[in-house]
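One structure below.
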Amino acid sequence: MIGALLARLSQGYRTLKYPEETPPLSGRYRGLPQFDGTRCPADCTVCSGACPTGAITRSEGKTRLDLGTCLFCGQCAAACPEHALTFSREHRMAVRQRDGLVLDGAGPFPHAAALEPGLRRLLGRSLRLREVSAGGCNACEADTNVLSTISYDLARFGIQFVASPRHADGLLVTGPVTRNMETALMKTYEAIPEPNVVIAAGACAISGGMFSGHDEVVRGVGELLPVDLFVPGCPPHPLTILDGLLRLIGRVR
Amino acid sequence: MNTACGAQAFNCIPVHLSEIPVLSLALFREHVVRRVAENGRLVSLFGSPCGSGVRLYAVLGTADSGGFTVLAADPGDRYPALTPDCAQASWFEREIAEQWGIRPDGHPWLKPLRFHRSWRAGHDAWGRGPGEPIEPSVTEFYRVEGEEVHEVAVGPVHAGIIEPGHFRFQCHGENVMHLEISLGYQHRGIERRLTGEPSPRIMHYLEALAGDTSIGHGLAYCQGMEALTRTPVSFRAEEIRGIALELERLANHAGDLGALSGDVGYLPTASFCGRLRGDLLNITALACGNRFGRGWLRPGGVAWDLTPDLLGQMLDRLDRTSRDLNGALELLFNSPSVMARFEETGALTPALCQELGLVGVAARACNVGRDVRFERPAGIYRFVSIPLTTWPTGDVFARAQVRRGEIRQSTHFIRQRLEELSEGSACTAPARRPVADSLVISLVEGWRGEICHAIITGADGRIARYKVVDPSFHNWMGLALALRGQQISDFPLCNKSFNLSYCGFDL
Ligand code: SF4
C-alpha cells in the first residue's frame, strides 16, 4: 500500500489541461493541410498524382483536398515542386457536414458546431457512446481508447464509452465498415435509444479511406447511417477526437 | 540436410522458383508431416496461382538451421489434407480452401476462416453458388451436449473499444470445456490487392494491416522488396528501423501489462501504464509525426531521418518514461494478490506450444526460444543481438514476465542505438525491378511474434502472390486451448495475456 502511494507520488499528476492548454505536438506532426493556390501552375497535377487515395483533385487550375479520404501521409507536400502545400500543426479538424472536409483553399475551416439546443438539453451534461470497430485496424481504436486514460480523462467532461448500446446516446464508428460487420453495426445502432448521435472517426469510417473501392467494404458509415460528426485522420490524433467531442457537446466553441 | 526434398532459403534472400522442387502430393505431405513432427514448424503454407491452377508452397522452419526449407506441390482441385497428421496445418488448409476453392479431403473441421468468396470464380470448396450469401460465423460450431452443459456466445461486438470477433464457449457450470473462435469480421481484402500492377496504396495497406503493428508489417514489406530489388540499405537506416520496431514493442508491451493489471482490478499500474503507453507512442511521433509510425519506413531505408536534436529529445523522453515504467511494473509484480491471479491461469505446456507452432511472447512464455531476431535475424539484428527472454510456466504470469523482460531489453537496445547512431544516408531509392520468378521470405519479430511475408514474383517481375502471416494466425488456437479447464470468468485475463490481432488475422 505504501509502495502504491509512493509510486503515485513519483508518477505525479498527469492529466492534460486540455482544452485550456494544448500539449506540444511533435514538430513532424501533420495536421490541417494548407495550400496556396496562387503558386500552382495551371496544369500541374503532381500532388494529385502522388496521392494514394485520390484525396486531391486538380481541375481548372483549382485544388480540392478531401480530408475525409486523406491519410495525412504527406506525400503530396513532399512532391509539390512549388511548396504550395504544407501541413500545419493544427489538430482541430472535426466537422459536422461531410462537405466541410473538402478544402479548396478559400474561407475559414468549418469547425464542428454543437448539437442542436434541444438535443443538448435532452443529454444534460453527459454523453455516453458505444464504440463499434467495423474493420478498423486498431489504430483509431487505440487512439479512442487512450481518451479514457488519466492523460485525457474523458470522464471529466461527462463523456464516457459504455458497454451496452442500451446505455448509450450514440455510436462512434471506426473502420471502413466491412461487409462482414454491416449487420452487427446496424444491430448495435438499432439497439441504441434516440437520439442516437453517430460519429465517424478516421478516414476509413468517413469514406472507406484506403479501402474505398474494395468490394469487401462499404465506403464508410455514411453509406448506412446519418453522421453527426466527422473526425478526419489516419488515425486521428486523440486530441482531434477529443476536440470534436467537446465541440459536439458545446464545451468548446 | 537433404536439399533434394526442398530448397534452402534464408530470411530476406530470394530463391529462384526453379530451385524449389515440385513434389508429388504424397511426398510433399510426407515431408511436411515428418519435419514438423521432428521439432520443425510450419512457418507458412499457401497457394499461389500457377498456369491455370494453383501451386501449394510450404515454408518449414527447422529448429537448428537458421533458415527454412521450401517445398511445392500441385494439388489440383482436391488433395489429402495434412491436418489429420499435422495440427499446425489446420487453419492454413482452411485458408487455402477458402481462397482458392481447393478441398483438403479428410480435414476434420473444414469451415471458412474469413467468410469471403473464393478468389477463383467457379471454384468453391463448399460448392456454394455465386449468388449464395456468405455471412460471418453462419456455419457449424463444435458443441458439447449433456445435462448442465451450456453454450456462451460472445461478440462480434465486445464490451470495450476493441475489434470484433466471435467466441463460443462450451461450459459445464463455470468451467470451459471448449472454446471456438470465429473471425473474419475485419476482412478488408488486403492480401489480393498486394499483387499485380503495383498499387500506390501498398505501403499504406501494410501499415494498416494491423494498425498496432505498422512498423512490424511495414518493415517486413520493405525488407522483402529490398531483397527482390537488391537495394542496399545503410547501416544507419537499419539502426533507425530497429529503434522503430523496438519502440513499437515497448509501447504495446507497456499497454498490455497495464491492461492485464486492470483486468485483475489492480488500478495503480493500469492507470500508470495507460499514460506511459501514450508517452512511448509519442516518442515515435517525435521521429516521424505519427504515433503509430505511419510513413516512417519505406523501401530503401527510412523516410524520416533523426537529427542530433531529435536523438537527444528521444533519449531524454525514453529515460523518463522507462523510469516511470519500471516503477509501475515493480508495483505490479510485487503485489501478491495480482501474482495469485496471474499464476497458473491459462497455462500451456511446451509440448502443446510445439504442436500448435505458437510464436512470439506466447511461445517464449512456454520456454520455447522462438524469436526471429535471434534465430533468423535480418537487418540490424544481424549485427546487434538482443538477448532472448523466456519463462517456463506457460501461464498468464509467464506471458507478463516475458513482456517485462523484453521491455528491459528493448529499452537498452534503443538507448544504445540512439547514443551511437552511425553516420550515413537514410534512404537509397530502389533502382531495379524485382527479380523475376523468385520467392522471398521476409520475417520480422513484431511485438506479438513472428511476422512472415512470402512474396512471389512472376516472369515480368511483378508480384504474383503476396502471402502475409500475422503472428496471431498461429496463436489464436493457443488462446482457445489455454481456456480449456479454466473458469469462463478468466477469459478476459487470458485473452489480454495473448492480445492477438483481429485485423492482422482477417487481412
Ligand atoms: S497527405 Fe492526404 S492528400 Fe496528401 S498524398 Fe497523403 S493521402 Fe493524399
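The values are calculated or read from the model by the stated rules, or taken from the named source; none is laboratory data. Computed from a prediction, not measured in an experiment: that's the story for all the values here. We place every Cβ from the backbone using ideal geometry, glycine too, and count neighbours over all the protein chains shown. Note: areas computed on protein heavy atoms with side chains; ligands, DNA, RNA excluded. Shrake-Rupley method; radii C 1.70, N 1.55, O 1.52, S 1.80 Å.
Assorted remarks:
- When all alpha carbon pairs of the stretch B:353-441 are counted in 10 Å bins from zero, the resulting P(r) reads 14, 33, 27, 19, 6 %.
- Normalised by 2.2 N^0.38 Å, with N the number of residues, the alpha-carbon radius of gyration of chain A equals 1.07.
- Computed log₁₀ I(q)/I(0) - Debye formula, equal Cα scatterers, no solvent, the stretch B:191-474, q 0.07, 0.08, 0.13 Å⁻¹: -0.26, -0.34, -0.88
- Overall form of the stretch B:2-105 per C-alpha gyration tensor (a/c, 1.5; a/b vs b/c): oblate
- Sites counted here are GluC sites (Glu not before Pro) in a DSSP loop (not H, G, I, E or B) having no more than 11 other Cβ atoms within 10 Å; the longest part of chain A that contains none of them is A:61-253.
- Charge tally in the Cβ shell below 11 Å around B:Gly155, where Lys, Arg are +1 and Asp, Glu are -1, B:Gly155 excluded: 0
- For the peptides A:107-120, B:481-494, B:454-467, B:232-245, the ranking by packing is B:232-245, B:454-467, B:481-494, A:107-120, with the highest mean count of neighbouring Cβ atoms within 10 Å listed first.
- Rh (Kirkwood; distinct C-alpha pairs) - the stretch B:43-160, Å: 16.4
- Charge sum, other residues only, whose C-beta stays under 10 Å from B:Arg465's C-beta, Lys/Arg counted +1 and Asp/Glu -1: +2
- Projecting the Cα atoms of B:Pro200, B:Phe383, A:Cys44 onto the charge dipole of the protein assembly as shown (Cβ charges, centred on the Cα centre) puts A:Cys44 farthest toward the positive pole.
- Longest to shortest principal axis, alpha-carbon extents of the stretch B:53-106, angstrom: 35, 23, 16
- Each 10 Å bin from zero up to the one holding the largest Cα-Cα distance in the stretch A:117-248 carries the following percent of pairs: 14, 47, 33, 6, 0.
- What the stretch A:117-248 shows is 31 Å² of accessible area per residue, with the surface traced by a 1.4 Å probe over protein heavy atoms.
- Mean residue ellipticity (222 nm) of chain A, computed from DSSP H runs ≥ 4 via -39,500 (n - 2.57), nearest 500: -6500 deg cm²/dmol
- 3J(HN,Hα) from dihedral phi, the stretch B:91-108, Karplus parametrisation 6.51/-1.76/1.60, rounded to Hz, x for glycine, proline: 6, 4, 5, 5, 5, 4, 4, 6, 6, 10, x, 9, 9, x, 5, x, 5, x
- Label-to-label distance, nm, for residues given as B:Asn367 and A:Arg39 (7 Å Cα→Cβ offset): 6.4
- For chain A, built as a Gaussian network whose Cα springs stay under 10 Å, the top-fluctuating residue of A:Asp215, A:Asp243, A:Asp66: A:Asp215
- Applying the criteria of a DSSP loop state and at most 11 other Cβ atoms within 10 Å to the GluC sites (Glu not before Pro) of the stretch B:387-438 yields B:Glu423.
- The slack between A:Leu16 and A:Ala113, meaning 0.36 nm per residue of separation minus the straight C-alpha distance, is 32.6 nm.
- Neighbour-limited loop hits for GluC sites (Glu not before Pro), the stretch B:1-92 (at most 14 other Cβ within 10 Å; DSSP other than H, G, I, E, B): B:Glu38
- A simple count of charges around B:Tyr142, restricted to other residues whose Cβ falls under 9 Å of its Cβ and scoring Lys, Arg +1 and Asp, Glu -1, yields 0.
- Estimated [θ] at 222 nm from DSSP helical runs (n ≥ 4, -39500 (n - 2.57)) normalised by residues in chain B, nearest 500: -12000 deg cm²/dmol
- Taking θ as phi - 60° and the Karplus parameters 6.51, -1.76 and 1.60, the scalar couplings of the stretch A:52-68 work out to x, 10, x, 6, 9, 10, 10, 8, 6, x, 10, 9, 10, 10, 9, 4, x Hz in sequence order, x denoting glycine and proline.
- Cα pair distances exceeding 18 angstrom across the stretch B:149-263, given as percent: 69
- Rounded to whole numbers, the Karplus 3J(HN,Hα) couplings from phi for the stretch B:460-477 are 8, x, 6, 6, 9, 8, 10, 10, 9, 10, 7, x, 4, 4, 6, 9, 4, 5 Hz, using 6.51 cos²θ - 1.76 cosθ + 1.60 with θ = phi - 60°, and x at Gly and Pro.
- Based on the convex hull around the alpha carbon atoms, the protein assembly as shown presents an average projected area of 32.1 nm².
- Measuring from each cysteine beta-carbon in chain B, the ones with no other cysteine beta-carbon under 4.7 angstrom are B:Cys5, B:Cys12, B:Cys50, B:Cys86, B:Cys171, B:Cys222, B:Cys273, B:Cys288, B:Cys427, B:Cys452, B:Cys494, B:Cys503.
- Measuring nothing but alpha carbons in the stretch B:327-381 and taking Rh as the Kirkwood radius, the Rg to Rh ratio lands at 1.12.
- Carbon + sulfur, % of accessible area of the stretch B:77-216 - ligands and nucleic acids excluded, 1.4 Å: 51
- Size descriptor for chain B, Kirkwood hydrodynamic radius: 23.3 Å (Cα pairs only, one decimal).
- Rounded to 10°, Cα long-axis angle of helix A:2-11 versus longest principal axis of chain A: 30
- With contacts taken as Cα pairs under 8 Å at a separation of at least 6 residues, the stretch B:283-414 carries a relative contact order of 20 percent.
- Pairwise centroid distance, computed over Cα atoms, of the stretch B:381-422 with the stretch B:12-74, Å: 31
- Long-range HN-HN contacts of B:Leu297 with modeled amide H, under 5 Å: B:Ala303
- For the stretch A:80-128 versus the stretch B:224-240, the gap between their alpha-carbon centres in whole angstrom: 41
- Accessible area buried between chains B and A, both sides summed, probe 1.4 Å, in Å² to nearest 100: 4400
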